1. Does K122 satisfy the condition of being under 18 Å from N51 (Cβ atoms) and assigned by TED's automatic domain parsing to the domain that holds F49?
2. Could you identify the single residue in E40, E61 that is over 30 Å from V138 (Cβ atoms) and surrounded by 12 or more Cβ atoms within 10 Å (Cβ to Cβ)?
3. Strands (runs of 3 or more DSSP E) wholly in the range 61-143 with at least 2 residues that are of a type in the set (A, V, I, L, M, F, W, C) and within 25 Å of I32 (Cα to Cα) - which ones?
4. Being within 12 Å of the chain's Cα centre (by Cα), under 30 Å from G105 (Cβ atoms) and loosely packed, with under 10 Cβ neighbours inside 10 Å, is that true of even one residue in the range 77-93?
5. Applying the selection to the range 8-42, what residues are closer than 30 Å to Y81 by Cβ, assigned to a helix (DSSP H, G or I) and not aromatic (F, W, Y)?
6. Keeping to the range 109-143, report how many residues are exposed (fewer than 14 other Cβ atoms within 10 Å of the Cβ), free of Cβ contacts under 8 Å to residues at least 60 places away in the same chain and of a type in the set (D, E, K, R).
7. Six or more apart or on different chains, Cβ under 8 Å: which pairs go from a residue in the range 26-52 that's without any contact (Cβ under 8 Å) to a residue 60 or more places away in the chain to one that's charged (D, E, K, R) and assigned to a loop (DSSP other than H, G, I, E, B)? Could you list them?
Amino acid sequence: MENKTDTRKKARSRDVAAFVFFLFFSFGMWYIDYLGKELESELKTPLVFVNSPTGKIVAPEYEYLNVLLKGTGYTILKHKYRIKDDSVSIDLSEIAYRKLRASSGYYLLTSALVKPYELQLKSGCRVVAMNPDTLYFVFKETE
């Protein structure tokens, strides 16, 4: 009688192990299929201002920019967990920024950054939106 219970426990244990294995296997296959589809995802990327006017540094209001990317799951995953920095480089010698009327500050619209950032990404992703839509900053004298 003890042999029958031991055999049943072993059979049940094998069934549970097989079920758990195929459950994880099916989840893995579903995830691989999901990554092959076109997705949208938001990335929080640091802002880097380059080529500021001589003798001045940029003091931005925001340090990060939220970028909404559209592309296959593989390319978005690559950008989300990339070791290399995917910062948004703003070349002040090429991007048109404007002076605020009532203050000493400046602003630029992030819509002007979409194409340069897409070229910087060099992947199959498209930039759908950037948030905030306007970046405010001031120039401070270097010491």
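The values are calculated or read from the model by the stated rules, or taken from the named source; none is laboratory data. The structure displayed is predicted, hence computed values, not measured ones. Positions of Cβ are generated from backbone atoms using ideal geometry, with glycine treated the same way; all protein chains shown enter the neighbour counts.
1. no
2. E40
3. Where strands (runs of 3 or more DSSP E) fall fully within the range 61-143 and carry at least 2 residues being of a type in the set (A, V, I, L, M, F, W, C) and within 25 Å of I32 (Cα to Cα), they are 64-72, 126-131.
4. Yes, the range 77-93 contains at least one residue that is within 12 Å of the chain's Cα centre (by Cα), under 30 Å from G105 (Cβ atoms) and loosely packed, with under 10 Cβ neighbours inside 10 Å.
5. V20, L23, S26, G28, M29, I32, D33, L35
6. The qualifying residues number 4.
7. Taking only residues 6 or more apart or on different chains, the pairs are L43/D86; T45/D86; P46/E63; P46/D85; N51/E94.
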